[in-house]
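Peer 1: Sharing a structure, written as structure tokens. Questions coming.
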Amino acid sequence: MKITISLNDEILREADETACRMGLSRSRLFALAVADFLERHRQPQKREPVDKSLLKGMKAKTVRTVTEPW
């Protein structure tokens with residue numbers, strides 16, 4: 001699919017130089033960059049679900065500890 005994006009001149013120049021150095025087309029460089037960005041932002045979603053009752057108990061204990069006199 002073709003798209004149009006706007007970039008500042010410096011980023012475009014650096015992207016072109018990097019693509020050339022890597023032997024890639026500009027299009028391929030941007031496709032790889034977006035895929036990498038999306039993969040890194042998916043990582044936090046792969047964590048195990050948090051036990052809400054455990055967190056509630058930890059919070060209650062922490063609040064009691066902080067409010068109790070020394």
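Peer 1: Please find, among A31, A19, the residue that is in contact with a Lys or Arg (Cβ under 9 Å, 6 or more places away or on another chain) and at pLDDT 90 or above. Explain how you work it out, then say what you get.
Peer 2: Numbers: A31 fails: in contact with a Lys or Arg (Cβ under 9 Å, 6 or more places away or on another chain).
Among A31, A19, only A19 is in contact with a Lys or Arg (Cβ under 9 Å, 6 or more places away or on another chain) and at pLDDT 90 or above.
Peer 1: Further question: Filter the stretch 15-34 for residues that are small (G, A, S) and either in contact (Cβ under 8 Å) with a residue 24 or more places away in the chain or exposed (fewer than 10 other Cβ atoms within 10 Å of the Cβ) (or both) and give the result. Let's see the steps before the verdict.
Peer 2: Taking the stretch 15-34 as the starting set, the residues that turn out to be small (G, A, S) are 15, 19, 23, 25, 27, 31, 33.
Passing the criteria: only G23.
Peer 1: Need the failing condition index for S6 against (1) of a type in the set (G, A, S); (2) outside any helix (DSSP H, G or I); (3) at pLDDT below 75, just the number.
Peer 2: (3)
The values are calculated or read from the model by the stated rules, or taken from the named source; none is laboratory data. All values reported here derive from a predicted model rather than from experimental measurement. Every residue, glycine as well, gets a Cβ built from its backbone with ideal geometry; the counts of neighbours run over all protein chains shown.
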